[in-house]
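The values are calculated or read from the model by the stated rules, or taken from the named source; none is laboratory data. The model shown is predicted, which means the values in this text are computed figures rather than measured ones. Backbone-built Cβ (ideal geometry, glycine too); neighbour counts: all protein chains shown. Accessible surface areas use protein heavy atoms only, side chains included; no ligands, DNA or RNA. Shrake-Rupley method; radii C 1.70, N 1.55, O 1.52, S 1.80 Å.
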Amino acid sequence: MTEFTQIKLDIAEGIATITLHRPEKMNAFTRIMMQEVIDALDITDADDSVRAVIVTGEGERAFCAGADLTPEGSEGNVFARHKEVDDLSDEIVRDGGGRMVLRMFDSKKPLIGACNGVAVGVGATMQLPFDMRLASDNARFGFVFARRGITPEACSSWFLPRLVGMQTALEWCMTGRIFDAQEALGRGLVRSVHPQAELMDAARGLAREIADNTSAVSVAMTRAMLWRLPQESHPMMAHRIDSRSIYRLGKSADSREGVRSFLEKRPPAYPDTVSNDMPDFYPWWEEPEYK
């Protein structure tokens with residue numbers, strides 16, 4: 001079993017919870033945390049008992065207070081630690097937040113964020129690939145990069161405008177100001193705001209709704225389709241994938257069970273698994289015609 005030092009991974013009754021766990025540093029981000037989150041997602045993707053993943057922070061003060069800027073946490077300036085390279089495509093210049101976010105983007109399980117406090121810098125950008133984001137009423141967000149002399153990272157220039165619109169994304173990133181949970185709700189960054197004591201119950205309730213009522217294969221395909229297909233230049237691409245997906249899944253054991261359980265007015269018991277029963281054309285975006 002993988003041992004973690006800066007996160008916790010708990011799996012129970014179909015729901016995995018990843019907790020950023022550096023409470024003495026307000027759960028500040030490090031490259032160790034990056035790798036541990038990636039490793040945890042590898043575990044949840046491979047575990048067919050996991051139907052949804054909740055990501056939260058330890059304690060009631062912070063989800064993640066951004067990158068650890070202290071010498072002991074980053075061996076000096078975390079933004080200037082790389083050696084000089086001539087080729088900027090070199091693997092060494094990839095930012096850690098982006099590597100983690102890209103792994104989140106590829107998750108086969110739905111990701112639900114439970115933002116339990118301060119979330120600035122990478123603490124905010126790492127939440128963007130979550131499928132649903134809930135926040136406590138004391139949550140604070142900030143895309144503070146311009147106030148640190150750097151630029152947005154963790155693929156946020158791709159995610160943020162898609163979630164909140166270009167004007168809001170530009171305002172938040174250009175001013176670098178901290179804003180509260182109600183503004184995040186009003187601008188579409190979060191789904192809902194809850195009292196601190198009720199946040200995890202709300203997140204688990206949402207995860208439970210997915211776990212108890214849906215096909216794991218259907219959810220995995222839906223997640224991939226909704227994240228990827230809106231970026232295509234013409235709806236024909238969506239039509240092609242929709243059609244192939246309906247054809248393949250329509251012949252599946254899950255589809256038969258979905259119809260039978262509906263007609264028999266009983267809870268479904270879907271037999272198919274993400275590890276064995278994804279459609280034969282998944283992942284379609286790796287095929288030459290889609291690259």
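Given (1) in a helix (DSSP H, G or I); (2) at pLDDT 95 or above, where does E72 come up short, assuming only one miss?
(2)
With the condition kept exactly as written, say whether any residue in region 276-290 is farther than 27 Å from T44 by Cβ, at pLDDT below 95 and open to solvent by 100 Å² or more (accessible area, probe 1.4 Å).
Step one: filter region 276-290 for residues farther than 27 Å from T44 by Cβ, giving 288-289.
With at pLDDT below 95 added as a condition, the list becomes 288-289.
Narrowing further to those that are open to solvent by 100 Å² or more (accessible area, probe 1.4 Å): 288-289.
Yes, the conditions are met somewhere in region 276-290.
Filter region 184-204 down to the residues that are without any contact (Cβ under 8 Å) to a residue 40 or more places away in the chain and either in a helix (DSSP H, G or I) or open to solvent by 60 Å² or more (accessible area, probe 1.4 Å) (or both) and list them by number. First the steps, then the outcome.
Filtering region 184-204 for residues without any contact (Cβ under 8 Å) to a residue 40 or more places away in the chain gives 186-188, 197-198, 201.
Correct list: G186, R187, A197, E198, D201.
For region 1-47, what are the residues that are hydroxyl-bearing (S, T, Y) and either surrounded by fewer than 18 Cβ atoms within 10 Å (Cβ to Cβ) or within 18 Å of V120 (Cα to Cα) (or both)? Walk me through it before giving the result.
Start the filter on region 1-47 by keeping residues that are hydroxyl-bearing (S, T, Y), which leaves 2, 5, 17, 19, 30, 44.
Within region 1-47, T2, T5, T19, T30 meet the criteria.
Can you find even one residue in region 254-262 that is surrounded by 15 or more Cβ atoms within 10 Å (Cβ to Cβ) and polar (S, T, N, Q)? Break it down stepwise before answering.
At the first step, the residues of region 254-262 found to be surrounded by 15 or more Cβ atoms within 10 Å (Cβ to Cβ) are 254-255, 257-258, 261.
Okay, now just the ones that are also polar (S, T, N, Q), so 255, 261.
Yes, region 254-262 has at least one match.
Could you give me the residue pairs with C-beta distances under 6 Å whose first residue belongs to region 101-122 and is over 24 Å from G176 (Cβ atoms) and in contact (Cβ under 8 Å) with a residue 24 or more places away in the chain, whose second residue is open to solvent by less than 10 Å² (accessible area, probe 1.4 Å) and in a loop (DSSP other than H, G, I, E, B) wherever it lies, and which are 6+ apart or on separate chains?
Correct list of pairs: F105/P129; K109/V50; L111/F130.
I'd like the residue in region 92-120 that is small (G, A, S) and in contact with a helix residue (DSSP H, G or I) (Cβ under 7 Å, 6 or more places away or on another chain) and, out of all such residues, is surrounded by the most Cβ atoms within 10 Å (Cβ to Cβ).
The initial filter retains those residues of region 92-120 that are small (G, A, S), namely 96-98, 107, 113-114, 117, 119.
The next check asks that each one be in contact with a helix residue (DSSP H, G or I) (Cβ under 7 Å, 6 or more places away or on another chain); those that pass are 96-97, 107, 114.
Values: G96: 20, G97: 23, S107: 20, A114: 28.
Checked region 92-120; the qualifying residue surrounded by the most Cβ atoms within 10 Å (Cβ to Cβ) is A114.
Residues of region 133-183 being in a strand (DSSP E or B), open to solvent by less than 10 Å² (accessible area, probe 1.4 Å) and out of contact with any Ser or Thr (no Cβ under 7 Å at 6 or more places or on another chain), which ones?
Our first condition is that a residue be in a strand (DSSP E or B); within region 133-183, this holds for 133-136, 140-142, 178-180.
Filter once more, so that each one left must be open to solvent by less than 10 Å² (accessible area, probe 1.4 Å): 134-136, 141-142, 179.
Listed by number, the residues that qualify are A135, S136, F141, G142, F179.
Give me the pairs, please: first residue somewhere in region 27-56 and under 23 Å from A202 (Cα atoms), second residue anywhere and of a type in the set (G, A, S) and assigned to a strand (DSSP E or B), beta-carbon distance under 6 Å, and either six or more positions apart or on two chains.
Pairs that qualify, where the first residue is under 23 Å from A202 (Cα atoms) and the partner is of a type in the set (G, A, S) and assigned to a strand (DSSP E or B), are N27/G57; N27/A62; T44/A16; V50/A16; V53/A16; I54/A114; V55/G113; T56/A114.
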